[in-house]
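The values are calculated or read from the model by the stated rules, or taken from the named source; none is laboratory data. On a predicted model such as this, the values are computed, not experimentally measured, just so you know. So basically every Cβ, Gly included, is an ideal-geometry build from the backbone, and we count neighbours across all protein chains shown.
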Ligand code: 5GP
Ligand code: MN
């Protein structure tokens with residue numbers, strides 16, 4: 001099917017649309033929500049659209065329209081359509097799930113392999129680099145403004161690790177090229193939103209690397225940041241973005257585990273794989289989700305319990321020799 005027609009078809013006769021993404025929104029989530037919001041404002045100006053997201057990380061605030069984002073869900077509002085972006089299941093929508101539940105109809109655009117098609121209409125492509133790349137396919141390229149391009153570029157760049165991860169396909173580069181032609185300042189966007197770290201972010205990264213341990217015959221690297229440490233640095237969850245990727249870059253490692261304590265004995269776990277272990281199935285086993293090489297889950301217990309449970313599942317997937325503890 002012609003993808004531009006699909007979006008046209010879905011938005012036909014709609015007067016009110018809510019756009020929502022996952023809790024603790026990242027680059028792809030913010031880029032997708034703002035990209036679609038700005039595109040709709042220029043191409044479908046008659047539709048009243050609202051974006052619902054938790055507080056976004058400060059580096060994304062330069063994107064046009066982010067000051068319009070709503071952080072609470074109105075009690076009695078019922079939208080004609082709720083569009084869920086970059087979110088693997090409805091629970092992960094967080095506070096906006098109530099609007100998803102009450103909407104007349106729902107549409108989901110996502111690239112998580114764990115996504116079970118939870119909306120009325122679903123456009124889910126697990127191979128796609130990012131939700132922003134999928135939105136690009138849904139849009140009429142000739143009507144993508146510079147502001148829309150900035151938002152989509154943020155999402156594509158972030159979810160590909162700046163065009164580095166294996167999910168970067170020729171189509172991803174083609175989409176990025178089209179976005180570049182709108183005149184966006186790609187270097188500044190990537191620098192500002194991806195590479196530049198605050199002093200605190202660098203300190204906590206250093207600490208996580210310093211305290212990391214090798215496990216499972218050096219095939220696995222793990223690091224934990226406790227609530228005490230987060231409080232000491234006054235760090236927010238978004239300050240820990242990127243730590244797990246750095247851990248994964250360790251030579252010889254198949255899987256990187258990074259976890260931080262959300263509240264007492266509740267850990268947000270990030271898993272990254274270099275290809276031989278499918279971390280999405282491991283995250284799903286514990287109630288989370290994600291992609292084959294990048295997945296996440298929230299787990300309860302002491303950090304030792306959580307770690308042991310994860311290691312057992314990882315060891316199952318490693319060849320017998322390397323699965324043994326050293
Ligand atoms: P991260 O480790 O960066 O938080 O997430 C890696 C990937 O897994 C992202 O695509 C993210 O959306 C997904 N993910 C992370 N945590 C969860 C979770 O608790 N549930 C689900 N379904 N997906 C998650
Ligand atoms: Mn994504």
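Overview of results
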item	result
Among residues of the range 92-147, those that are more than 13 Å from ligand 2 (Cβ to nearest atom), surrounded by fewer than 17 Cβ atoms within 10 Å (Cβ to Cβ) and under 18 Å from residue 27 (Cα atoms), counted	1
Residue match in the range 211-225 (condition: in a helix (DSSP H, G or I) and either within 16 Å of ligand 2 (Cβ to nearest atom) or surrounded by fewer than 20 Cβ atoms within 10 Å (Cβ to Cβ) (or both))	no
Qualifying positions in the range 62-83 - under 11 Å from residue 102 (Cα atoms) and crowded, with 16+ Cβ neighbours inside 10 Å	79, 80, 81, 82
In the range 148-184, residue surrounded by the most Cβ atoms within 10 Å (Cβ to Cβ) [restricted to those that are within 16 Å of ligand 1 (Cβ to nearest atom) and either part of a helix (DSSP H, G or I) or without any contact (Cβ under 8 Å) to a residue 24 or more places away in the chain (or both)]	154
Subset of the range 52-73 [touching a strand residue (DSSP E or B) at 6+ places or on another chain (Cβ under 7 Å) and within 16 Å of ligand 2 (Cβ to nearest atom)]	53
The listed residue being modelled with pLDDT under 95 and under 26 Å from residue 238 (Cα atoms), out of 153, 165	165
Some residue of the range 307-326 being part of a loop (DSSP other than H, G, I, E, B), under 27 Å from residue 126 (Cβ atoms) and touching a helix residue (DSSP H, G or I) at 6+ places or on another chain (Cβ under 6 Å)	no
Test for residue 53: is it under 22 Å from residue 72 (Cβ atoms) and within 16 Å of ligand 1 (Cβ to nearest atom)	yes
Whichever residue in the range 226-261 is surrounded by fewer than 16 Cβ atoms within 10 Å (Cβ to Cβ) and within 18 Å of residue 300 (Cα to Cα) and, among such residues, is farthest from ligand 1 (Cβ to nearest atom)	228
Residue in the range 119-141 that is free of Cβ contacts under 8 Å to residues at least 12 places away in the same chain and either touching a helix residue (DSSP H, G or I) at 6+ places or on another chain (Cβ under 6 Å) or within 17 Å of residue 6 (Cβ to Cβ) (or both) present	no
Scan of the range 35-60 for residues that are without any contact (Cβ under 8 Å) to a residue 24 or more places away in the chain and under 19 Å from residue 145 (Cβ atoms), ordered by number	45
Among residues of the range 239-290, those that are under 23 Å from residue 227 (Cα atoms), within 16 Å of ligand 2 (Cβ to nearest atom) and not in a strand (DSSP E or B), counted	6
Qualifying residue in the range 269-292 (condition: in contact with a helix residue (DSSP H, G or I) (Cβ under 7 Å, 6 or more places away or on another chain), more than 11 Å from ligand 1 (Cβ to nearest atom) and at pLDDT below 95)	no
